[in-house]
Amino acid sequence: MDTTAPRGLATKDIVYIALFAALTAALGLMPPIHFAGAALPPISAQSLGVMLAGAVLGSKRGGLALLLFIALVAVGLPLLSGGRGGFGVLIGTSGGFLLAWPLCAYIIGYLMEKDTAASPVKTGLYVAFGGIIVMYAAGIPWMAFIGKLGLSKSLTIMVAYIPGDLVKVVLATIIARGLRRAYPNL
Amino acid sequence: MLDLYSPGSSILHRLPPAPKMLAMMFGATLLFINQSLPVTIVATLVILVLYPIAQLTLKQAFAQVRPLLIIFVLFFVVQWYFSGLELAAYVVLRLAALILLASLVTLTTRSSDMIDTMTRGLRYLKPIGVNPEKVSLAISLALRFIPVLAQITREVREAQKVRGLERSVIAVAMPMAIRAIKMADDISDAIDSRGYRS
Amino acid sequence: MIKLENVSVSFGERTVLNTISLDLTERRIAIIGANGSGKSTFARLLNGLALPTTGEVLVHGLNTRKKGRDVRRKVGFVFQNPDNQIVMPVVDEDLAFGMKNLGFSKEDIATKTDEILTRYKMSDLREHPAHLLSGGQKQLLAISGVLVMTPDILVMDEPTTLLDLRNKRRIARAVAALDQMVITVTHDLDLITDYDRVIAIDEGRIFADGAPQDVIPTYEKLMS
């Protein structure tokens, strides 16, 4: 029996992992917000899925949910906002951000597990750390590398996205806290 | 299944997914290592020639890079300004070549075949605690949930329209999230009651 | 047959079922009760999805506490919302899911899939995405997915609540034709008029147990 395996996942864990992978995909259907005309790629709601997976499911299941999502994108399903998918997107300019998603969810989940009684503000800080700082720390060097841009220039481009990310942090914090209250033993 | 696959019978379609993926990764690595613009131009042309060979149109090739046009222009302008025309052309062309190459695999391989290859490959990860059966269950469930959650997302958007935008995002999203978790709990019970051994 | 011995279930402070002892042997048994009466928990006890806080549930002599998997092999379970029990994205994959778990052979799975799809006139839906089926078709698929596992007993938790009249009748006909023992938890009193036994539950206790013509009027009086 697998239940004796140290890393075994119960049926419910597998279902939750699939649910949050699917949630991240579904959020890609929300119409993206164009904030700079055609000058920059639009903000999508998808990284909200990353934040929620970490904050609701915790480190291991949250990280696996996003790993599953990235795998589904890699095999060619058009699950990224704008109907994109396949290896191309994952090694493109935003590849670093996308490939970091499992790690971001893991880190948010880890911080939440370390501090189960976190206040709303602290929860928000954890979500922001994993969902903005870690994501940018992986995504910006990648962008700089692949575009031979240099870190500071890449950073400048990404500053435009921070307000949208902060909105997502607030949403994720409120929803995650609500869900945790409704389902204490999620 | 909804995927980006473009049906055909070319040699690239018939090639099994695993060698195709390996060849793609090898090609991508070479593109990264190479620093010369002429080589990158040749590589891009070679990849473009592969499109008609794979029974794909150049229009399809263009569709692969179109979502990135904005960022291409941005990179090109920044590079041109700081480092000159040659580097700007090299960076953008290399990026386009990478994406065209990777898309070639995506367009000529069914997602279901790719998933099969992937789950078969997971056997080798068993020693570090990966259970291929659980992974394939998770994949199937995710594919099953996506249309359901997409429907819920559409309902959220309609409700937002009715109620007036942002103000009610939480008021709508919260019950939806609870509904989704409830569904997951029920499905989990259904899986267990249908003899699944977790 | 299923035997309940002094079964109580509580969630924290709240007692949902209170010292119930029963022998369930009839071919068609209905469990009725108001919302929150404990009847859904009762249904889940029968295949080990829920375990009694005190007391035991025995299915063919197997204790649900210790032999959950063997019990679930004998007791098929149909949920209220078919959307929440279709596991796989495509009709034939979903039918195969339970059979694969039980280790049926490929040929066996193919034969049983053909047979059940023909029986419920759904052969043309074989490769159809499950989420695009109608409500009635989904519930038939849900029931089919359980029947192909050849359970001895079928437990159904409000299987017709979300269906329109035509589909309710369709499900009722499908259930009437089954050879297995069927235990239906329901609000739908029309569904159970020809059942062998009706058990009415209120506030966690059995207050009426017998033939439909005796129990249903008592229940209706209590509800009014």
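A few notes on this one:
- Test: residue in the range B:74-94 that is under 16 Å from the mean Cα position of the chain (by Cα) and free of Cβ contacts under 8 Å to residues at least 60 places away in the same chain: no
- Any hit, the range C:174-196, residues being free of Cβ contacts under 8 Å to residues at least 40 places away in the same chain and crowded, with 21+ Cβ neighbours inside 10 Å: no
- Within the range C:36-50, if we keep just the residues that are touching a residue at least 60 places away in the same chain (Cβ under 8 Å) and away from chain B (no Cβ under 14 Å), the residue that is surrounded by the most Cβ atoms within 10 Å (Cβ to Cβ) turns out to be C:Phe42.
- Test: residue in the range C:129-144 that is without any contact (Cβ under 8 Å) to a residue 12 or more places away in the chain and among the aliphatic types (A, V, I, L, M): yes
- Number of residues in the range C:1-27 that are within 22 Å of C:Gly76 (Cβ to Cβ), of a type in the set (D, E, K, R) and part of a strand (DSSP E or B) equals 2.
- Residue count for the range A:167-185 satisfying the condition of being open to solvent by 30 Å² or more (accessible area, probe 1.4 Å) and not hydroxyl-bearing (Ser, Thr, Tyr): 10.
- Test for C:Gln80: is it within 13 Å of chain B (Cβ to nearest Cβ), open to solvent by 10 Å² or more (accessible area, probe 1.4 Å) and at negative phi: yes
- Criterion (open to solvent by 20 Å² or more (accessible area, probe 1.4 Å), in contact with a strand residue (DSSP E or B) (Cβ under 8 Å, 6 or more places away or on another chain) and hydrophobic (A, V, I, L, M, F, W, C)) met by exactly one of C:Val90, C:Val155: C:Val90
- C:Phe77 modelled with pLDDT of 90 or more and in contact with a Pro (Cβ under 9 Å, 6 or more places away or on another chain): yes
- Considering the range C:93-105, and only residues there that are without any contact (Cβ under 8 Å) to a residue 24 or more places away in the chain and not in a helix (DSSP H, G or I), the residue that is least open to solvent (accessible area, probe 1.4 Å) turns out to be C:Phe104.
- Among the residues of the range B:122-134, those that are more than 8 Å from chain A (Cβ to nearest Cβ) and of a type outside the set (Lys, Arg) comprise B:Leu122, B:Tyr124, B:Leu125, B:Pro127, B:Ile128, B:Val130, B:Pro132, B:Glu133.
- When C:Gly76 is tested against (1) in contact with a His (Cβ under 8 Å, 6 or more places away or on another chain); (2) not in a helix (DSSP H, G or I); (3) not aliphatic (A, V, I, L, M), only condition (1) is not met.
- Residue among C:Ile153, C:Ile183 that is in contact with a Lys or Arg (Cβ under 7 Å, 6 or more places away or on another chain) and not polar (S, T, N, Q): C:Ile153
- Of the helices (runs of 4 or more DSSP H) entirely within the range B:75-173, those holding at least 2 residues that are open to solvent by 20 Å² or more (accessible area, probe 1.4 Å) and at pLDDT below 90 occupy B:111-121, B:132-163.
- Selection from the range C:210-224 of residues that are surrounded by fewer than 17 Cβ atoms within 10 Å (Cβ to Cβ) and touching a residue at least 40 places away in the same chain (Cβ under 8 Å): C:Met223
- Residue match in the range C:107-128 (condition: within 19 Å of B:Ala190 (Cα to Cα), open to solvent by 40 Å² or more (accessible area, probe 1.4 Å), modelled with pLDDT under 95 and out of contact with any Ser or Thr (no Cβ under 8 Å at 6 or more places or on another chain)): no
- Taking each residue of the range A:23-35 that is open to solvent by less than 50 Å² (accessible area, probe 1.4 Å) and modelled with pLDDT under 70 and looking for partners that are outside any loop (DSSP other than H, G, I, E, B) and not aliphatic (A, V, I, L, M) with beta-carbon atoms closer than 7 Å, six or more apart or interchain, yields nothing.
The values are calculated or read from the model by the stated rules, or taken from the named source; none is laboratory data. Values in this document were obtained by computation on a predicted structure and should not be read as measured data. So basically every Cβ, Gly included, is an ideal-geometry build from the backbone, and we count neighbours across all protein chains shown. Areas reflect the complete protein model, heavy atoms only, side chains present, ligands, DNA and RNA absent. Shrake-Rupley method; radii C 1.70, N 1.55, O 1.52, S 1.80 Å.
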